[in-house]
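Contents: one structure, followed by commentary.
The values are calculated or read from the model by the stated rules, or taken from the named source; none is laboratory data. Model, not experiment: these values are computed from the prediction. As a convention, Cβ positions derive from the backbone with ideal geometry for all residues, glycine included, and neighbour counts pool all protein chains shown.
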Amino acid sequence: MKTLAAGLTLLLALVPSRTALPTHAPAMHVMVRDSIIAEAREAIANGRPWRATRLLAPVLRDSALRTSEAELVAAMAAAVLAAADNSAKADFNAGRVAA
């Protein structure tokens, strides 16, 4: 009985586990979300934070897609928009109206 238990234990130790390595590809919605976040980052870098907010709106609306990275990028876009708005208001109040 001891040899049978030892042999079974050895066999289980040598057989690779199927749960160790996932064999499935990431879900399509994850890849789409990641590409949207990358495009939003690029829009912010190119001075188009309003574009980033429009891209991220569906991601933030869906709790299955919302991640901390998406929220961070959206906050960065909002901060850039707020800074631009404050700058425009300051220019207007100082009499420097953009043409």
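Structure notes:
- Residue in segment 68-87 that is at pLDDT below 70, small (G, A, S) and over 17 Å from V32 (Cα atoms) present: yes
- Taken over segment 40-66, the criterion of being part of a loop (DSSP other than H, G, I, E, B), exposed (fewer than 15 other Cβ atoms within 10 Å of the Cβ) and on the phi < 0 side of the Ramachandran plot is satisfied by N46, D62, S63, A64.
- For beta carbons closer than 9 Å, sequence separation of 6+ or different chains, a first residue in segment 77-89 that is of a type outside the set (G, A, S) and a second that is assigned to a helix (DSSP H, G or I) and modelled with pLDDT under 90, there are no qualifying pairs.
- Only one entry of P16, P58 meets the criterion of being at pLDDT 90 or above, over 20 Å from A83 (Cα atoms) and not aromatic (F, W, Y), and that entry is P58.
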